[in-house]
Amino acid sequence: MVWRPTLPTKDGARLDVRKTYKLYGGGAFPRSESGRSYVVNDAKGKFLANASQASRKDARDAVVAARKAFGGWSARTAYNRGQVLYRIAEVMEGRHEQFSAEVAASEGLSIGKARALVDASIDRWVWYAGWADKLAQVVGSSNPVAGPYFDFSLPEATGVVALLAPQDSSLLGLTSVIAPAIVSGNTAVVVTSFERPLPAVTLGEVMATSDVPGGVVNILTGSASEIGPWLAAHLDVNAIDLAGVTDHEEATALEAAAAENLKRVRRPADEDWTESPGLSRLTQYLELKTVWHPIGI
Amino acid sequence: MSRFEYAPAPESRAIVDIKSSYGLFINGAFTEATDGKPFKTVSPASEEVLAEVSEAGPADVDRAVKAARKAYDKVWGPMPGRDRAKYLYRIARLIQERSRELAVLESLDNGKPIRESRDVDLPLVAAHFFYYAGWADKLEYAGAGENPQPLGVAAQVIPWNFPLMMLAWKIAPALAAGNTVVLKPAETTPLTALAFAEICQQADLPPGVVNIITGAGRTGQALVEHEGVDKVAFTGSTAVGRAIAKSVAGTDKKVTLELGGKAANIVFEDAPIDQTVEGIVNGIFFNQGHVCCAGSRLLVQESVYDEVLARLKRRMGTLRVGDPLDKNTDIGAINSAEQLARIRELSQVGEDEGSERWSPECELPTQGFWFPPTVFTGVSQAHRIAREEIFGPVLSVLTFRTPQEAVEKANNTPFGLSAGVWTDKGSRILWMANQLRAGVVWANTFNRFDPTSPFGGYKESGYGREGGRHGLEAYLAH
C-alpha cells in the first residue's frame, strides 16, 4: 500500500488525492524531458504508481544543476551544512508514516520492519550531520615539516558525485550513499533503485523543504543501466558510487568509462546498510589540500 | 652587465661504480631476465652508455610477483611492526651513508644538477624512509581504523624525473604498512633503483620483500595487470594513469595515481618581488621543469607585469645550463631525446599559435639533450602551451586584474596538482588557498616537499596522497 493522506471518514466517503512521482533536479520537480514513465509495482506485483523514467538529457541537466550548486554548497560553513542535514532528519521524522508505507510496499516488508528502517535512515542523517564540522579535525593534519614552514592539510569536497543508489534498500541504502557525499560539500546526482524508487522521490520532497539548496541533491528515477554509462563518462562528474550496480560486467564497464577523467570510483560491494557505516564512504569523496607558508619575521 | 665567470667545479664520479650490465632484482638476488632483451641506459648529458639493463618480460614479472607474494605470506606480513620499522631505519641509514654516491649516480643517469640530487633528492629520500620507519609499529594510530591491515603485493611504477625519490615515496609507506613490493623504475633512469636493490641486500631485508624489475611501458603494463597484485601505485603521465585506471576496472586492486599538472603560479602586485622572482625560477626551472607540480603557468597581476617580466628575464640570464656534475650548474640535461623532442614540439606550437618566445643567450653543449630556459609571453588560456604539460624548462605567462580572475584562470584546467600564490596579504593567501582546486598550495614559496606533508592531486592529476599519515592509507585496508 502507498501512504495516502486519509482522513478518519467512512469507506468511500472521500476519494484520495494521489501523488505524481516526479524527478527532483535543481530544486524543482520536473517530469522526464523524454516524457517517459514506467510502472512501479509493490513487492507483490500490485500497481503503485507511474514513476518518471529519467533520460540521458535528464542526467546531463542534473549534472549542470549539481555543478552550479557546488560552489555555494561547498563554501557554506561546516556548521551550516551540519544544520541543514539535521533539518533533513527533522523533516523526515514528520513524514515517518509516509516513508514507512512506501518502504513497506517497495521492499515487501511488514510495516513494523519498514518503520525500523525509516528510524535507522533518520538516525543516519543525524549521524552524518554531526560529522560536518568534525571531519577536518579528524581527517586533516598539521604537518611538522623539517624547515621553517607552516604546513597543514585539510579535506575538501571533490565536486559533483554521481550516486547509483542501491537497488534493494530503498531508503536506508539511499540515505547511506547520499549523506556521506553531501555532508562535506559535494553535490550529488542520484539514480534511484529502479524497482523501488518511491521513497527516493519522497526524500526529494524532504530535500526541497529542508533548506538544502536546489541542485545539491538531484534525484533521477529510472534505470542505472541506462543512465549510469552517461554519468560515468561525463567529464564534469568528479566521482561515482556504483553501489546500485549488481552486474559485474556492467560495473567493470562503468569503472572503465569513469577512468576517462580519473573519477574517484566506489566499487560495488556486498553491504549491510544496517551496520554502522564508518568513515570510508565519507572520505571517498574528499580531496586533501596541503598548504605551505614560510615562517619568518 | 658584466658577469664573473665560474671555473668548472665538477663533482667526482669516481665515487660510483657502475657495472656493465644489471639483471633483475627478484627474491633478494640479481637474476638474468628469462624472456626479455637487454637495453641501454645513457647519460643524457653526454649520450654515453652507462650500463646495459635487462628488460623484464611477462615471465619475469610473474616471478617477481610470486616472490613478493611468498615474502608477504611467510615473512613480511607476519613480522611485528617493530621489526619492519628496524629494517626501514637500516635502509634510511644506508642511504645516508651512501648519499653522495647515490647523488652522483642520479645526476649521471637522470641529467639533473648535482646540487639538486645532493641537496634535495637524497636528503628527502633518507627522510622518507626515516619517517615511515616510525609508522610501522604505530599503524593503529594512523587514522585508518583500529586494526589496519596491509593489502598484500604492491605493483609500483615510477617516473624518471626523481628516480630515487619516487622510489622512496612508493616503497617506504608500502613496507611500513606491511606490504611487499615489485617496483619498476623508468627505462631511462634505472640505475639508482638497482643501487637501492644492493642497499636492501646490505640491510639483510628478507628476500622478496622488495623486487626491482627494469623495462619500459610493456613491463609496467604486465606488472600492473598481473593477477597476483593487490595494489597499484603509479606516478607519471595522465595518459598512462588513465590507461591503468581502465585496466584495473572490475578487479579488487586498489589504485593510487599521481599524474600530470599545469600549475598556476600567481603573483599579486603586493608580492615581495625579488623573492617572487626566485620562486618563479624555482617553480619552473627546478629539475629542468621535469616536475609534475612545476609552476608552468605564471599568472601576473597586470600592474606589476612589466617589472616582474624584466626581473625574471634578468634572473634567467644568470642561470647556468650545463654539466650536471658541475656544482655550479642550475639547469642540467633534458632526460631523453624523446622528452627533448616533446619540449621542442610544444614550444614550436607556442610560437605558431602566436605567443612570443624568449630565452637568454646561453651556450648549450653539443653532445647530449639540452633545452634553454624559456619563457612565453602573450599566452592565452586557449593556447596549448597554457593547457598541456610540457614537462620542461618552459614557462607560459598570462595576466589577470582581480583575485577572482586569477582563480578562474588558475582553475581552468583539467589538472589540479599544485598552485603557487605570492602576496604580502595574509587573508588573501588563505582565501586563494581555499579557492584553488589543487592538492598542494605553496604560498610565498614553491616546490617544497617533506615526508610529513601529504602530496597529490585533484581532478585529472590523479588520486591518493603520498606523504604523511595520509600516505599510509594508500597501503592499508580499512
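The values are calculated or read from the model by the stated rules, or taken from the named source; none is laboratory data. Just so we're clear, the structure is a prediction, and the values are computed from it rather than from any experiment. Cβ sites come from the backbone with ideal geometry, for glycine too, and all protein chains shown count toward neighbours. Remember, those area values only see protein heavy atoms, side chains included, never the ligands or the DNA or RNA. Shrake-Rupley method; radii C 1.70, N 1.55, O 1.52, S 1.80 Å.
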- Test for residue B:345: is it closer than 30 Å to residue B:49 by Cα, open to solvent by 30 Å² or more (accessible area, probe 1.4 Å), not in a loop (DSSP other than H, G, I, E, B) and not β-branched (Val, Ile, Thr): yes
- Message: For a quick check of your reading of the model, give me the residue pairs whose first member lies in segment A:153-180 and is at positive phi and in a loop (DSSP other than H, G, I, E, B), whose second is surrounded by fewer than 24 Cβ atoms within 10 Å (Cβ to Cβ) and polar (S, T, N, Q), with beta-carbon atoms closer than 9 Å and at least 6 apart or on different chains.
- Response: A:159/A:74
- Query: In segment B:225-239, what count of residues is obtained for those that are of a type outside the set (S, T, N, Q) and either crowded, with 24+ Cβ neighbours inside 10 Å or touching a Leu at 6+ places or on another chain (Cβ under 9 Å) (or both)?
  - Reply: 8
- What is the number of the single condition among (1) surrounded by 16 or more Cβ atoms within 10 Å (Cβ to Cβ); (2) not in a loop (DSSP other than H, G, I, E, B) that residue A:145 does not meet? (2)
- Task: Would you confirm whether any residue within segment B:245-256 is within 27 Å of residue B:112 (Cβ to Cβ), of a type outside the set (A, V, I, L, M) and open to solvent by less than 10 Å² (accessible area, probe 1.4 Å)?
- Result: no
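If the requirement is being in contact (Cβ under 8 Å) with a residue 24 or more places away in the chain and touching a helix residue (DSSP H, G or I) at 6+ places or on another chain (Cβ under 6 Å), which of these qualifies: B:391, B:376?
Values: B:391 fails: touching a helix residue (DSSP H, G or I) at 6+ places or on another chain (Cβ under 6 Å).
Just a single option satisfies the conditions, and that option is B:376.
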- Which residues, taken from segment B:465-477, are open to solvent by 10 Å² or more (accessible area, probe 1.4 Å) and at the interface with another protein chain (Cβ under 7 Å from one of its Cβ atoms)? B:465, B:469, B:470
- Item | Residues that are open to solvent by 10 Å² or more (accessible area, probe 1.4 Å), at the interface with another protein chain (Cβ under 7 Å from one of its Cβ atoms), assigned to a loop (DSSP other than H, G, I, E, B) and touching a residue at least 40 places away in the same chain (Cβ under 8 Å), drawn from segment B:446-464 | B:450, B:452
- Please go through segment B:259-271 and pick out each residue that is open to solvent by 10 Å² or more (accessible area, probe 1.4 Å) and not small (Gly, Ala, Ser). B:269, B:270
- Tell me, yes or no, whether segment B:70-93 has at least one residue that is surrounded by fewer than 20 Cβ atoms within 10 Å (Cβ to Cβ), touching a strand residue (DSSP E or B) at 6+ places or on another chain (Cβ under 6 Å) and acidic (Asp, Glu). no
- Go through segment A:255-266 and give me each residue that's more than 8 Å from every other protein chain (Cβ to nearest Cβ) and over 16 Å from the mean Cα position of the chain (by Cα). A:257, A:263
- Pull up segment A:122-142, narrow it to residues that are in a loop (DSSP other than H, G, I, E, B) and more than 14 Å from chain B (Cβ to nearest Cβ), then point me to the one that is nearest to residue A:85 (Cα to Cα). A:132
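I need the full set of residues from segment B:412-424 which are in contact (Cβ under 8 Å) with a residue 40 or more places away in the chain and out of contact with any Asp or Glu (no Cβ under 6 Å at 6 or more places or on another chain), in order please.
Those that are in contact (Cβ under 8 Å) with a residue 40 or more places away in the chain and out of contact with any Asp or Glu (no Cβ under 6 Å at 6 or more places or on another chain): B:413, B:416, B:417, B:418, B:419, B:420, B:421, B:422.
If I ask for residues that are acidic (Asp, Glu) and under 30 Å from residue A:139 (Cα atoms), which ones from segment B:94-145 would you list?
Going residue by residue through segment B:94-145, those that are acidic (Asp, Glu) are B:97, B:101, B:106, B:109, B:116, B:119, B:121, B:137, B:140.
Those that are acidic (Asp, Glu) and under 30 Å from residue A:139 (Cα atoms): B:121, B:137, B:140.
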- Message: Give me the residue from segment B:428-445 that is among the aliphatic types (A, V, I, L, M) and more than 21 Å from the chain's Cα centre (by Cα) and, out of that set, nearest to the other protein chains (Cβ to nearest Cβ).
- Response: B:433
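Select from segment A:267-294 the residues that are more than 21 Å from the chain's Cα centre (by Cα) and either open to solvent by less than 40 Å² (accessible area, probe 1.4 Å) or at pLDDT below 95 (or both) and list them in ascending order. Working first, answer last.
If we filter segment A:267-294 for residues that are more than 21 Å from the chain's Cα centre (by Cα), which is where we start, we get A:288-294.
Within segment A:267-294, A:288, A:289, A:290, A:291, A:292 qualify.
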- Task: Taking only segment B:274-289 into account, find how many residues are over 17 Å from residue B:107 (Cβ atoms) and either open to solvent by 20 Å² or more (accessible area, probe 1.4 Å) or not aliphatic (A, V, I, L, M) (or both).
- Result: 7
- What number of residues within segment A:59-77 satisfy the criterion of being open to solvent by 40 Å² or more (accessible area, probe 1.4 Å) and among the hydrophobic types (A, V, I, L, M, F, W, C)? 2
